[in-house]
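Notes to accompany the following structure.
The values are calculated or read from the model by the stated rules, or taken from the named source; none is laboratory data. The structure presented is a predicted model; accordingly, all values stated were derived computationally and were not measured. Quick reminder, even Gly has a Cβ in these numbers, built from the backbone with ideal geometry, and neighbours come from all protein chains shown. Each accessible area value is taken on the protein alone, full model and side chains, heavy atoms only, with ligands, DNA and RNA left out. Shrake-Rupley method; radii C 1.70, N 1.55, O 1.52, S 1.80 Å.
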Amino acid sequence: SRATWEAGTALGTLGLTGGYLVLAAILAFVFRFVYVPSESMIPNLNPGDIVLVSRSVPVLQKAKVGDVVLFDPPSKLNQIIRDVKERQEKEQQQNDGDVDASDRN
């Protein structure tokens with residue numbers, strides 16, 4: 001009957017929606033996709049690779065030789081890296097200016 005079909009359709013839609021929500025939760029809390037931005041992982045990973053990473057707890061699963069370990073550095077470390085890069089760029093620009101001046105003499 002029509003009522004049975006409508007109830008089945010509603011349950012199917014609800015079940016499908018629930019399935020998508022469970023899948024989204026698993027992907028959000030258990031796995032994540034990571035983009036490899038540089039050559040630092042060659043030959044195992046190449047720049048531009050996209051890797052599915054398991055968010056396992058290190059206490060439950062110890063890292064072994066050959067494992068790739070991913071961590072998020074603290075924001076303070078990122079600031080230190082930016083500061084060092086800026087200082088290196090300034091020094092390089094100063095050195096380039098010194099070379100140009102010596103060429104004129």
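Here residue 64 is the anchor, and the lysines within straight C-alpha reach of less than 30 Å, apart from those fewer than 8 places off in the same chain, are 76.
Model label sites at residue 33 and residue 76, defined 7 Å from Cα along the beta-carbon direction, differ in position by 3.4 nm.
Helix 75-104 and the longest principal axis of the Cα set of the chain meet at an angle near 30°. Helix 2-29 versus the longest principal axis of the chain: what angle, 0 to 90°, nearest 10, using Cα atoms? Long axis of 2-29 versus the principal axis of the chain: about 30 degrees. Over all Cα atoms in segment 1-55, the spread is summed up by Rg and Dmax: 19.9, 63 Å. Only one residue of 28, 47, 65 has its Cα farthest out toward the positive end of the dipole of the chain, where Lys and Arg carry +1 and Asp and Glu -1 on Cβ, and that residue is 28.
Across the alpha-carbon atoms of the chain, the computed radius of gyration and Dmax are 26.2, 98 angstrom. Computing the accessible area with a 1.4 Å probe over protein heavy atoms, can you report the carbon and sulfur percentage for the chain? Looking at the chain in its full context, I get 61 percent from C and S.
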